[in-house]
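S.K.: Have a look at this one before I ask anything.
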């Protein structure tokens, strides 16, 4: 038996402004603004004062799940414009010293297991990457951009055709948190 309605109400903090145009949500805060289009989702949204209601009438299982998904995305957007997100990765090597550089929209990982050509990882969207010592710090206000950039860096140093128990070299994620330094 299907539920009549599945809904979630998101309370908007005082220092954040949300605009709703159809299913296009724009969130503005101290660190910037984020816009996302949810027109693909068969749900309804309504902005009343300082709360945003997301619901689906007579939802099937997928539509019911989408209510929670859209709610979580908008909540992450609010957190992003208020505090931002930080992912920290550690550069690990045992024999060949790895050097990591940021060049344009790419992160170059040089001398990885003694390779001559640098491995490249793409920086997505508005994420900012900085290298300090043996740490790679990825920061930004959009959670998807920051996490995908960190994943790209980690994937670029994936060891292939070698025993992973012996060759532990790479760049590994060790901390993710809300807030930027």
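Values quoted throughout were computed directly from the atomic coordinates according to the rules given, and no laboratory measurement underlies them. Quick caveat, the model's predicted, so the values are computed rather than measured. All Cβ positions, glycine included, derive from the backbone under ideal geometry; neighbour counts span all protein chains shown.
S.K.: What angle do you read, to the nearest 10 degrees and between 0 and 90, between the alpha-carbon axis of helix 61-82 and the longest principal axis of the chain?
M.R.: Taking Cα atoms only, the helix is inclined about 70 degrees.
S.K.: Here's another thing I want to ask about it. Which one, 134, 169, 14, has the greatest fluctuation when you compute a Gaussian network model over the chain with C-alpha springs under 10 angstrom?
M.R.: Result: 14 has the largest fluctuation of those listed.
S.K.: What does the extension gain come out to for residue 30 and residue 122, with contour length at 0.36 nm per residue minus their alpha carbon separation?
M.R.: 30.4 nm
S.K.: Counting only C-alpha contacts under 8 Å and six or more residues apart, can you give the relative contact order of the chain as a whole percent?
M.R.: Worked out over the chain, it gives 21 percent.
S.K.: Relative to the longest principal Cα axis of the chain, at what angle does helix 143-156 sit, 0 to 90 degrees, rounded to 10?
M.R.: 30
S.K.: Between residue 55 and residue 7, what is the label-to-label distance in nm when each label sits 7 Å out along the Cα-to-Cβ direction?
M.R.: Label-label distance for residue 55 and residue 7, simple model: 0.2 nm.
S.K.: Going highest first, how would you order 122-128, 18-24 by mean Cβ packing within 10 Å?
M.R.: 122-128, 18-24
S.K.: Using only DSSP helix segments of four residues or longer, with each worth -39500 (n - 2.57), what per-residue ellipticity at 222 nm results for the chain after dividing by its residue count and rounding to 500?
M.R.: Here the helix-only value at 222 nm equals -6500 deg cm²/dmol.
S.K.: Explain nothing, just the number: relative contact order of segment 5-82, from Cα pairs under 8 Å at least 6 residues apart, as a whole percent.
M.R.: The normalised contact order for segment 5-82 reaches 38 percent.
S.K.: For the residue pair residue 17 and residue 165, what label-to-label distance in nm results when each label sits 7 Å from Cα along the Cα-to-beta-carbon direction?
M.R.: 5.9
S.K.: Okay, next question. Any idea what the relative contact order of segment 85-178 is, in percent, if you count C-alpha pairs under 8 Å spaced at least 6 apart?
M.R.: Rounded, it is 38 percent for segment 85-178.
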